[in-house]
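These notes concern the structure reproduced below.
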């Protein structure tokens, strides 16, 4: 730990609180450690070290939003105190906090997750510029870029899926519109047949119209199946559910109309066909209403895949490094940060991800460090 300047009572009190907080941190009692750091911050509000430790305790409690803000404050204080090493470590942990935020967002809002991964990359990059020897920051910079690339690809796939579904919905809407027109025309023919019905030849004409109605019903069933499939792909949106109900009722009326025509009851068939046409029109309106509603959405698709963002090792905050270097500032600078292996990712997974994504990676010359070997 970088020593607080001893002498004043407030400084001595803060130092004691920090030491108590460090001990609680080493014991894994992050709630107690945070409480001590917060009390120390009341005595030493301008201490970058106290803020850094407070951020580490918040990070360990997975309060990544708060941790990021506190690390940002530590970086600002370190800059004021001309301490580039502590500023680099603070920005490094800002990157860690943003990375973990992105992981959570990837299960809720992949567009926001993509922006957060880019944000973490920016923090890692600034840490490397401040301290080119901070190799962990360079490694995490590469990991965040790979994760961002994976999420970007997922967004692209969801956008393609959303576009395909929109086109399918448009096709179904066209089919419903054509079916409604055919059904309305068939209803008019049944009306004319009922008005001009004569004994001779009436059965033959009614039979022809019954066959025509059968054809319309079959096409309506095919459209209903397409609508069913589309609704399942879109998590059964309410508009799709209502549209399917209208189509279902239309088919029922179409079947009744066909029976009436087969029994030479043109008047009854006309009424059923009119009702079927109205149901098809209602289905079309419901589908178009859902289409307009979908176009207003910013994020593509309904389904959120759980994306595998862990491509390389993600490091834990450097509180252990700080606490272990309590003797001198030089020891604090020389101790390597402790790595944190991401859950569910093996070294083989990391190497395989690296081989697959090698073509996407190139370390820019402006970052001030050499490419890191990815075969560990």
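The numbers here are math on the coordinates, done by the rules we state, and not lab data. Predicted model only: the values in this text are computed from it and were never measured. As a convention, Cβ positions derive from the backbone with ideal geometry for all residues, glycine included, and neighbour counts pool all protein chains shown.
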Check your understanding: Over the Cα atoms of segment 94-172, what Rg and Dmax result, in angstrom?
Key -> 16.2, 60
Check your understanding: Length gain on complete extension for the stretch residue 157 to residue 263, per 0.36 nm per residue less the alpha carbon to alpha carbon distance?
Key -> 32.8 nm
Check your understanding: Where does segment 9-151 land on Rg/Rh, using Cα atoms and the Kirkwood Rh?
Key -> 1.02
Practice item. Any chance you could run the full-extension gain for residue 26 through residue 222? It's 0.36 nm times the residue separation minus the Cα-Cα distance, nm to one decimal. Key: 63.9 nm
Practice item. Quick one: compute the contact order of segment 162-295, relative version, from alpha carbon pairs under 8 angstrom and 6+ residues apart, as a percent. Key: 38
Check your understanding: By count of other Cβ within 10 Å, fewest leading, how are 256, 241 ordered?
Key -> 241, 256
Check your understanding: Kirkwood hydrodynamic radius for segment 66-212: how many Å is it when counted over pairs of different Cα atoms?
Key -> 20.3
Check your understanding: Which percent of the Cα-Cα distances in segment 162-295 go past 27 Å?
Key -> 25
Exercise for review: Please list 275-285, 150-160, 39-49 highest first by mean number of surrounding beta-carbon atoms within 10 Å per residue.
Suggested key: 275-285, 39-49, 150-160
